[in-house]
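Everything below concerns the one structure shown next.
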Amino acid sequence: MVLPLRSIPVASGTDAHRDVADTLDELASQLHDVVASDRRPRLAKARVGAWVRALLDTLFPQVAEQTYGTAGEVRDALDGLAADLRSLLRSIESELAIDATEVSAAFFDALPEIHHQIMADATAIERGDPAAESVDEVILAYPGFLAIAVYRIAHRFSELEVPLLPRVLTEWAHERTGIDIHPGATLGHPVVIDHGTGIVIGETAVLGNNVKLYQGVTLGALSVAKSLASTKRHPTIEDDVVIYANATILGGETVIGHGSVIGGNVWLTASVPPDSTVYHRSEVHVRPGRAEFEGPDFVI
């Protein structure tokens, strides 16, 4: 529902207060009507963020503020997270293929494997970055790690056909890292994101194992037509590929062969064979002095 805008008349003293009060009364009525008429499932974004933050702190206690003295205390924390998840899911239970208890059980059954994959990502990031001093530093401070970790959690919910929650999870990470990974994308393991700001990975993208992405990479679609929603629109990146900063790779039929290196600023809409090196060439000419202007001395 689009709320109509109305101007507030300029007045002074008591009249001004009365006009503002009338305007706020009207706005309150409109907002109440929106809630009353909209019966769709609701998922509180703040609760989702608090839940995933608590989950990450439990999975990686070495860098969390909360500490646990025994394995029993960790189990209690996990039980509490399961209960909180069931509560979150009940707000959208009418949209679930299975009930909230079954979804929660399926997710926590997969949690050891998710944790294993996330640790593999963290280890690969640490090994590939000379600036990283430890895996704990990666877990605590690296935005690429946070984005991948939340993606892996969200992707499991996507596989369970949970609505809303997967996207809210990855958007929570997107807000904090500038890295936008759709929960429906398929990422192998490990995946390494170095720096990461501005990375976009679309819904139907497929990444193999040992893929490394630098900041600004886009794995996107050639067309955003709504009619293509159920088709593969985003590229496939095979194993052991490195994609450097600000490269753009588009199209559902585009395949980057294994072992390839895609240079910075490359724009690709066609497949490349395995073990390829693709780079963008630009020319910059430097001319001493500015006495006579003969046009720009650069070619892009």
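The values are calculated or read from the model by the stated rules, or taken from the named source; none is laboratory data. Quantities reported herein were computed from a predicted structural model and do not represent experimental measurements. Cβ atoms come from the backbone with ideal geometry, glycine included; neighbour counts cover every protein chain shown. To get the accessible areas, we keep the full protein, side chains included, count just its heavy atoms, and leave off ligands, DNA and RNA. Shrake-Rupley method; radii C 1.70, N 1.55, O 1.52, S 1.80 Å.
Observations on the structure shown:
- Three-way shape call for segment 22-110 based on the alpha-carbon gyration tensor, with the a/c threshold at 1.5: oblate
- The residues of the chain expose on average 56 square angstrom of accessible surface per residue, using a 1.4 Å probe on protein heavy atoms.
- Candidates THR254, THR186, THR70: whichever shows maximal mean-square fluctuation once the chain is modelled as a Gaussian network with Cα springs under 10 Å: THR70
- Of the solvent-accessible surface of segment 105-262, computed with a 1.4 Å probe over protein heavy atoms with every protein chain present, carbon and sulfur atoms account for 53 percent.
- Additional length obtainable on full extension of the chain from ASP76 to VAL286, 0.36 nm per residue less Cα span: 69.0 nm
- Lysines whose Cα lies under 24 Å from that of LYS212, excluding same-chain neighbours fewer than 8 positions away: LYS232
- Value of D in µm² per second that Stokes-Einstein yields for the chain, Kirkwood Rh from Cα pairs, at 37 °C (0.692 mPa s): 146 µm²/s
- The GluC sites (Glu not before Pro) of segment 143-240 that meet both conditions, a loop assignment by DSSP and at most 16 other Cβ atoms within 10 Å of the site Cβ, are GLU161.
- Among GLY144, GLY128, GLY264, the largest mean-square fluctuation in a Gaussian network model of the chain (Cα springs under 10 Å) belongs to GLY128.
- Contact order normalised by residue count of the chain, Cα under 8 Å, 6+ apart, percent: 9 percent
- Peptides ranked, highest mean first, by Cβ atoms within 10 Å: ranges 274-280, 97-103: 97-103, 274-280
- Taking every alpha-carbon pair under 8 Å whose residues sit at least 6 apart, segment 120-231 reaches a relative contact order of 22 percent.
- Annotation: segment 84-163 has a Kirkwood hydrodynamic radius of 13.9 angstrom, from the mean reciprocal C-alpha pair distance.
- Diffusion constant of segment 111-204 at 4 °C, which comes from Stokes-Einstein with the Kirkwood Cα-pair radius and 1.567 mPa s, µm²/s: 99 µm²/s
- Cα gyration tensor shape for segment 172-269, rounded if a/c is under 1.5, else prolate or oblate: rounded
- Rounded FRET efficiency, nearest 0.05, which uses the C-beta distance separating ARG53 from ARG90 and R0 of 25 Å: 0.75
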